[in-house]
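Structure first, commentary second.
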Amino acid sequence: MADLRSVLSWYRRMVLVRRFEEETERAFRRGKIGGYLHVYSGQEAVAAGFISAMREDDICFTSYRDHAFALLRGAPPGAVMAELYGKATGLARGKGGSMHLFDVGRGFYGGYGIVGGHIPLALGAAYALRYQGSDRVCLCFLGDGAMNTGAFHESLNMAGLWGQTGQCPLVLIVENNGYAMGTSVARSSAVTDLAARFTAYAIPCERVDGMDFLAVRLAAERAIAETRTSGRPTAVEAITYRFAGHGAADVVQPYRSKEEVDQARRRDPIPTLEGHLHAAGLLDDAAMAAIREEAEQAVLAAVRYAEESPAPPPESLYADVYADTYGGEA
Ligand SMILES: Cc1ncc(C[n+]2csc(CCOP(=O)(O)OP(=O)(O)O)c2C)c(N)n1
Ligand SMILES: [Mg+2]
């Protein structure tokens, strides 16, 4: 485990992600962000724990709840916010929006709106990394709901199979936040022990408290090291919770009680990590206030950048729609 001093910088990034998400919700309500918006508040320790354990040249995929992933891989907050605003300076030149962030240069391969649709892509990418002779690994984050798609089962079968010959450096991270939109795991899964489902494909899976950065970080180190060395897939089920609605339109939430949300908030990953750092003498109230202020300023600057950036020009409408690598007139 990296020393706690380096953990402090991940705490700082988690505070930034939380503040960023609050601002995106506000901008959505003000009509500044169109399309759809799914925020990550409550789940920060999962992405931060794993991304902090990744190597610079490793890669990762996730679904549509993706802002944190781009930010934690180091994308500038202004470019992420500009993408949500649909501006030409955005990470995907304003054409992807909230669900389709993408930053290949930083090893972030998206951002996908089709539930489970990214799992076969991550599988293929993992295979390619080993096929090209590298020891890089591919991380694939997915929701509990995505485990009920055909794409999940077909991909996992191939992952288990290719892993037998060390050709599948894929780490699967299930972010079990208890719900797929308004449907609980218990109402949608015949087997609610999600970690156990990986055994059907000969993939070891451990369960971890996804609200505790340090616990996630240790599980991430173990899984990544094992997969990097063996070329076999591993999986981690992180038990987590989303504090906000499923998406920005999920205002009334009849599928869960206020008491349940309040109880989960008592396990908020940010104060939990503050507690660890406090106990180690690495964080006091003044440092915490300074970190919050730094996040505040970074987010306000990101909003200004997004507001002031131009929209993509109309003539770029068909650019990047088709690949022109075939030499044809796209
Ligand atoms: C193939 C497909 N079916 C349905 C949807 C609609 N949909 C969007 S998000 C979602 C729930 C997914 O839940 P989960 O995988 O647990 O991720 P979470 O939102 O909890 O992060 C559904 C059903 C979709 N986007 N794609
Ligand atoms: Mg879920």
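Considering every residue within the range 277-287, establish whether at least one is in contact (Cβ under 8 Å) with a residue 40 or more places away in the chain, over 17 Å from the mean Cα position of the chain (by Cα) and part of a helix (DSSP H, G or I).
Yes, there is a match, as at least one residue in the range 277-287 is in contact (Cβ under 8 Å) with a residue 40 or more places away in the chain, over 17 Å from the mean Cα position of the chain (by Cα) and part of a helix (DSSP H, G or I).
Specify which of the listed residues (G113, G163) is surrounded by 14 or more Cβ atoms within 10 Å (Cβ to Cβ), of a type in the set (G, A, S) and away from ligand 2 (no atom under 16 Å from the Cβ).
Working: G113 fails: away from ligand 2 (no atom under 16 Å from the Cβ).
Step by step, each of G113, G163 is checked, and only G163 is surrounded by 14 or more Cβ atoms within 10 Å (Cβ to Cβ), of a type in the set (G, A, S) and away from ligand 2 (no atom under 16 Å from the Cβ).
List, please: which pairs have Cβ atoms under 7 Å, are six or more places apart or on different chains, and start with a residue in the range 186-199 that is without any contact (Cβ under 8 Å) to a residue 24 or more places away in the chain and under 16 Å from H153 (Cβ atoms) and end with one that is surrounded by 12 or more Cβ atoms within 10 Å (Cβ to Cβ) and of a type outside the set (S, T, Y)?
Short answer, once both residue conditions are applied: V191/R197.
Within the range 1-37, can you find the residues that are closer than 26 Å to A311 by Cβ and among the basic types (K, R)?
R19, R26, R29, R30, K32
On the given criteria, is K87 in contact with a helix residue (DSSP H, G or I) (Cβ under 9 Å, 6 or more places away or on another chain) and at pLDDT below 95?
In short, no.
In the range 139-177, how many are near ligand 1 (Cβ under 8 Å from one of its atoms), outside any helix (DSSP H, G or I) and over 17 Å from E206 (Cβ atoms)?
3
Check whether at least one residue in the range 131-141 is surrounded by fewer than 16 Cβ atoms within 10 Å (Cβ to Cβ), within 19 Å of S63 (Cα to Cα), over 20 Å from the mean Cα position of the chain (by Cα) and more than 16 Å from ligand 2 (Cβ to nearest atom), and report yes or no.
The initial filter retains those residues of the range 131-141 that are surrounded by fewer than 16 Cβ atoms within 10 Å (Cβ to Cβ), namely 131-135.
From what's left, within 19 Å of S63 (Cα to Cα): none.
No, there is no match, as no residue in the range 131-141 is surrounded by fewer than 16 Cβ atoms within 10 Å (Cβ to Cβ), within 19 Å of S63 (Cα to Cα), over 20 Å from the mean Cα position of the chain (by Cα) and more than 16 Å from ligand 2 (Cβ to nearest atom).
For the condition surrounded by 24 or more Cβ atoms within 10 Å (Cβ to Cβ) and within 16 Å of ligand 1 (Cβ to nearest atom), what is the one hit in L101, L121?
L101
From the list G96, G113, G34, which residue is outside any helix (DSSP H, G or I), under 15 Å from the mean Cα position of the chain (by Cα) and farther than 27 Å from L283 by Cα?
Sole residue among the options that is outside any helix (DSSP H, G or I), under 15 Å from the mean Cα position of the chain (by Cα) and farther than 27 Å from L283 by Cα: G113.
Tally the residues that are part of a loop (DSSP other than H, G, I, E, B) and among the hydroxyl-bearing types (S, T, Y), restricting the search to the range 244-276. It would help to see each step written out before you state the result.
Initially, the range 244-276 is screened for residues part of a loop (DSSP other than H, G, I, E, B), giving 244-257, 266-268.
Next cut, among the hydroxyl-bearing types (S, T, Y) only: 255, 257.
Here the count works out to 2.
The values are calculated or read from the model by the stated rules, or taken from the named source; none is laboratory data. Since the structure is predicted, the reported quantities are computational estimates derived from the model, not experimental observations. Neighbour counts are summed over all protein chains in view; Cβ atoms, including those assigned to glycine, are modelled from backbone coordinates with ideal geometry.
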